[in-house]
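Trainee: A single structure is presented below for examination.
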Amino acid sequence: MEIFSDEPKNWQDLQNKVAYILQSCGYQVETPKTIQTVRGAVEVDVLAKTDEMTIICECKYWKYKVPQNVIFSFRTIIQEIGANKGIVIAENGFQKGAYENAKHTNIELKTWSEFALQFKNKYLISNIEKLLKIRRKLFRLASDKPEYKAFYDVLNEEQRIEVNKYRNALMKITYIITELYIALEQNGDLDIIYLDDLILRVENQWRAQIPSYSDFFENINHEIRAIVTRIKSIYGIDTLLDY
């Protein structure tokens, strides 16, 4: 299984997919981004930053291979901006001279599939860790814990039936998140086989196709937001769970 079920359809889709992956990996992302340099304003396709790292990405959805002059110009931009790394993502690859021009520099040349593969593991682990951070809160909301008893006790019978329905659905999601924790190995690696098997079981449980990892995580997050929002509404409180 891949992060996306389909290849980029055009240059904007390529740019958005690159930005999505980097943002999911914990980077602060702007796309596109205009940056002031000593030679004036420069627009880059994707700017991705953490406290320790700045990455500039150029996305080339061209019918032909990217030539070396593009890489030479990109090297200048990277130097002027002071980025730690530059990545050129080209739908149809690069000419031989482009690879020569990128040698011994902080620029990486990737096809779309190579870029997605490079960040795949980090993307998966990052998304799992985000869910693990809220697992305990979700479990307490889904179960009969004291902090929610006062809200539940004042509900009428119809409201209790509805809340119980949502709490049961939320509990099933916490079980899925627990299995995601199991997929994370002690050394920080990921058991891809276990994860793919889990997604297959979730497909059967939800009776829905999950063709990609992004669909899997987006579906789970959508369900959590919808359930929490509904329970907030029934309980009549705004600060139930910050999600």
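The values are calculated or read from the model by the stated rules, or taken from the named source; none is laboratory data. Keep in mind the model is a prediction, meaning the values are calculated, not measured. Cβ coordinates were reconstructed from backbone atoms using ideal geometry, including for glycine residues, and neighbour counts include every protein chain displayed. Areas reflect the complete protein model, heavy atoms only, side chains present, ligands, DNA and RNA absent. Shrake-Rupley method; radii C 1.70, N 1.55, O 1.52, S 1.80 Å.
Trainee: Is it the case that some residue within the range 196-216 is assigned to a helix (DSSP H, G or I), under 21 Å from residue 25 (Cα atoms) and hydrophobic (A, V, I, L, M, F, W, C)? Steps first, answer last, please.
Mentor: Let us first name the residues in the range 196-216 that are assigned to a helix (DSSP H, G or I), namely 196-206, 213-216.
Next, from what is left, pick out any that are under 21 Å from residue 25 (Cα atoms): 196, 199, 213-216.
Remaining after also requiring hydrophobic (A, V, I, L, M, F, W, C): 199, 216.
The answer is yes, given that some residue of the range 196-216 is assigned to a helix (DSSP H, G or I), under 21 Å from residue 25 (Cα atoms) and hydrophobic (A, V, I, L, M, F, W, C).
Trainee: Search the range 190-223 for residues being of a type in the set (D, E, K, R) and without any contact (Cβ under 8 Å) to a residue 60 or more places away in the chain, and hand back the single one that is nearest to residue 130 (Cα to Cα).
Mentor: Out of the qualifying residues, it is 218.
Trainee: Is at least one residue of the range 11-24 surrounded by fewer than 16 Cβ atoms within 10 Å (Cβ to Cβ) and either assigned to a loop (DSSP other than H, G, I, E, B) or at positive phi (or both)?
Mentor: Taking every residue of the range 11-24 in turn, none turns out to be surrounded by fewer than 16 Cβ atoms within 10 Å (Cβ to Cβ) and either assigned to a loop (DSSP other than H, G, I, E, B) or at positive phi (or both).
Trainee: Which one is nearest to residue 53 (Cα to Cα) among residues in the range 79-93 that are open to solvent by 10 Å² or more (accessible area, probe 1.4 Å) and not in a loop (DSSP other than H, G, I, E, B)?
Mentor: Among residues in the range 79-93 that are open to solvent by 10 Å² or more (accessible area, probe 1.4 Å) and not in a loop (DSSP other than H, G, I, E, B), the one nearest to residue 53 (Cα to Cα) is 85.
Trainee: Still on this structure, please answer the following. When you scan the range 39-49, how many residues do you find that are surrounded by 13 or more Cβ atoms within 10 Å (Cβ to Cβ), over 18 Å from the mean Cα position of the chain (by Cα) and more than 21 Å from residue 91 (Cβ to Cβ)?
Mentor: Residues meeting the conditions: 1.
Trainee: Conditions: (1) in a helix (DSSP H, G or I); (2) open to solvent by 80 Å² or more (accessible area, probe 1.4 Å); (3) more than 30 Å from residue 210 (Cβ to Cβ). Residue 36 meets all but one. Number of the miss?
Mentor: All conditions are met except number (1).
Trainee: From (1) under 23 Å from residue 176 (Cα atoms); (2) hydroxyl-bearing (Ser, Thr, Tyr); (3) touching a Phe, Trp or Tyr at 6+ places or on another chain (Cβ under 9 Å), pick out the condition that doesn't hold for residue 126.
Mentor: Single failed check for residue 126: (3).
Trainee: Pull up the range 50-78, narrow it to residues that are charged (D, E, K, R) and surrounded by fewer than 13 Cβ atoms within 10 Å (Cβ to Cβ), then point me to the one that is farthest from residue 126 (Cα to Cα).
Mentor: By that ranking, first place goes to 63.
Trainee: Would you call residue 200 of a type outside the set (Asp, Glu), open to solvent by less than 50 Å² (accessible area, probe 1.4 Å) and at pLDDT 90 or above?
Mentor: The answer is no for residue 200.
Trainee: Take residue 60 and tell me if it is in contact with a strand residue (DSSP E or B) (Cβ under 7 Å, 6 or more places away or on another chain) and free of Cβ contacts under 8 Å to residues at least 24 places away in the same chain.
Mentor: no
Trainee: Being out of contact with any helix residue (DSSP H, G or I) (no Cβ under 9 Å at 6 or more places or on another chain) and over 21 Å from residue 112 (Cβ atoms) narrows it down to one residue among 54, 50; which is it? It would help to see each step written out before you state the result.
Mentor: Details: 54 fails: out of contact with any helix residue (DSSP H, G or I) (no Cβ under 9 Å at 6 or more places or on another chain).
Checking each option against the conditions leaves just 50.
Trainee: While we're here: Which of the helices (runs of 4 or more DSSP H) found entirely inside the range 95-160 contain at least 2 residues meeting this: under 17 Å from the mean Cα position of the chain (by Cα)?
Mentor: Working: elements: 96-102, 112-142, 146-153.
Ranges flagged: 112-142.
Trainee: Could you check, for the range 31-50, whether at least one of its residues is free of Cβ contacts under 8 Å to residues at least 12 places away in the same chain and among the acidic types (Asp, Glu)?
Mentor: Yes.
To keep it simple, each residue is scored yes or no on (1) open to solvent by 80 Å² or more (accessible area, probe 1.4 Å); (2) over 18 Å from residue 122 (Cα atoms); (3) at pLDDT 95 or above; (4) aliphatic (A, V, I, L, M).
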position: 143; (1), (2), (3), (4): no, yes, no, no
position: 146; (1), (2), (3), (4): yes, yes, no, no
position: 153; (1), (2), (3), (4): no, yes, no, no
position: 177; (1), (2), (3), (4): no, no, yes, yes
position: 181; (1), (2), (3), (4): yes, no, no, no
position: 186; (1), (2), (3), (4): yes, no, no, no
position: 189; (1), (2), (3), (4): no, no, no, no
position: 196; (1), (2), (3), (4): no, no, yes, no
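Trainee: So which of 168, 164, 221 is polar (S, T, N, Q), under 26 Å from residue 23 (Cβ atoms) and part of a helix (DSSP H, G or I)?
Mentor: Going through 168, 164, 221 in turn, just one is polar (S, T, N, Q), under 26 Å from residue 23 (Cβ atoms) and part of a helix (DSSP H, G or I): 221.
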